[in-house]
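S.K.: Just dropping this structure here.
Please treat every number below as a calculation from the coordinates, not as lab data. Note that the structure is predicted; figures quoted are calculated from it, not measured. Cβ coordinates were reconstructed from backbone atoms using ideal geometry, including for glycine residues, and neighbour counts include every protein chain displayed.
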Amino acid sequence: MLRHILLGALIAWPSVALALGARVVERMCIPASGMPLVGKPAPMPIGCRLRGCLESGAFDWRISIDAKILDGVELRFDQFGAADLKQLQISGHARIDGDRIVLNSGDSRIDRIPDKVRGTVNFVSLSPIFRKDVPVVLKSALSSSGVTPGKGIVDQITIVQHDGLEPVNRFEWNYVFQPCADSSPASGAAYDTLRIEGAALGEKLDVVVMIDARRRTPSGAKECQQGGSVRQDDWVQRFTGVSPLVIPINNLLTSGRCNSEIAVFSGNHRMYLGRAAWTDQPGDVHTIKLQPRIVVPINIWYFKDEDKSRANDEVLVATRLFIGNRVGIELEPKFHRLSEKETEVIKQQKCKAAVAMKKMGRYIVNALNVYYVAEGTDRNCAIVETPGKCETSDKHPRGDGNFTYLGTISAPFTLAHELGHAFGLRPSTCWGHVNNLVDAFGLENVMYADTFEAMLRKRFTLGQVFRMNTQQDKWGGTMLIANGLRSESDQRACRPNSFSKHCPLLNTDLR
Ligand SMILES: [Zn+2]
């Protein structure tokens, strides 16, 4: 459930929004041999982006970059072609390069950035640009900085968004660069091969691979590399390239008592999960064929036109977050108008209104149904009443994970958050919400549950994404499986706060 205690204040004093900006720390390691594995581009909302906050439509950005390692950063606008970019006023250390803006170290301004283009929400993605000789640059920066290697060099990017003279939003990225401890997953010639194929030959792939297997340690002992303890988490690595990806990995062994399994996460493909049978000899080749993203039907029920348009925005934001975080799904909305009387039933009965809606035929079975009608709160109804404590949550009866209602005012990522619950990140008190786990997740996690600090909710961890695709619990599990969009054989009883050899830690991620 999201709360909206600050919205009144936001409308009255735009400068309060400034305090809501986000500070994000990204850690990256630079392999001795060349380019680092770059994380997801950071999507950034334009302007305040809280409904009712500001409706000026265009914002001026003041950007300051302190880059010791990076060559600069690039900005790409979701809804802008090269011709649109030319309409912007750009000055300082910024320039247009085709369909992107390149920013170099120093101060720059980009004025009059619209928050909507041709009726569609405009987003900016920010990605770092590296020099070709980045390992050399890092080495020399580390040796001249006086800090011990391992602490890293920090590049900083600050963006302050202005509405006229008024600063309305501030974002700060700190990129921490360190040399990679182990630049290659393979050593010597004794390796196995993982081959990952896209749907089409030559398709561009960008995947994260999670492997559980039995392997030999450098000292020669055999051990399980799998989730199951805080100290020993799954092996996770990102690979990019053109299909097929042929990845050499250390010789993996027959499974014994270990879990031997591979999960592949991709923005453009559904999550792959399958068992892998390795032999004790090197030279095994395991082939994985990725399937297209799951298209998830979602029924949006509304009474007011403004709720329909808000829902449309939130579906777009949610789909973007699901793709960017490699959940492997996209939403396909269908809009249905309710009568005012029908909305009253939901306002009064909340989750219990599911029964009445079904009776009235205002509910599509085996699909997500989201009602933009209630007041104050937002809820996914997988559990009829929110458990107050994790320990006693099992006493709470099952509701309907396909039934969600949303309040009249909210942040753009609200739908993504509630669908996180629908897909099994629950109960909120058992780490379905990550509020008390700030060290591991940060305020940018979509399942952080106060609007207070979170202008920039953008992340699901791989541990969360794994559960969204596989969850099995007494409240119906993930609706992806309940609605027949994934196979029942993928089911895993992995509550957010539990881990085992079959369940990665919730904060397992590329960090
Ligand atoms: Zn919630």
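S.K.: Over all distinct alpha-carbon pairs, what is the Kirkwood Rh of segment 335-431 in angstrom?
M.R.: 13.8 Å
S.K.: Also, I was wondering about something else. Kirkwood Rh and Cα-based Rg: tell me the resulting Rg over Rh for segment 106-145, rounded to two decimals.
M.R.: Result for segment 106-145 is an Rg/Rh of 1.26.
S.K.: In nanometres, what is the gap between the two model label sites at LYS132 and LEU510, each 7 Å from Cα along Cα-to-Cβ?
M.R.: Distance between the two pseudo-spin positions: 2.5 nm.
S.K.: Turning to a different aspect of this structure: Among LEU443, SER428, VAL370, flag the residue with its Cα farthest along the positive direction of the charge dipole of segment 321-446, charges on Cβ as +1 for Lys/Arg and -1 for Asp/Glu.
M.R.: VAL370
S.K.: If amide hydrogens are placed 1.01 Å from N in the peptide plane, which non-local residues have theirs closer than 5 Å to the one on TRP475?
M.R.: It is none; the list stays empty.
S.K.: Among 90-99, 62-71, what's the highest-first ranking by average C-beta atoms within 10 angstrom per residue?
M.R.: Those peptides, ordered most packed to least, come out 62-71, 90-99.
S.K.: Set the Förster distance to 41 Å, then compute FRET efficiency between GLN156 and VAL242 from the Cβ-Cβ distance, nearest 0.05.
M.R.: Calculated transfer efficiency: 0.75.
S.K.: Going by C-beta contacts inside 10 Å, put LYS222, LYS352 in order with the fewest on the left.
M.R.: LYS222, LYS352
S.K.: Shifting gears a bit: Which log10 I(q)/I(0) values does segment 233-301 give at q = 0.13, 0.15, 0.18 Å⁻¹ under the Debye formula, counting every alpha carbon as one identical point scatterer?
M.R.: -0.49, -0.62, -0.83
S.K.: For segment 256-358, what is the percent of antiparallel DSSP beta bridges, rounded to the nearest 5?
M.R.: 35 percent
S.K.: Computed from the mean reciprocal separation of all distinct C-alpha pairs, what Kirkwood hydrodynamic radius does segment 280-330 have, in Å?
M.R.: 14.0 Å
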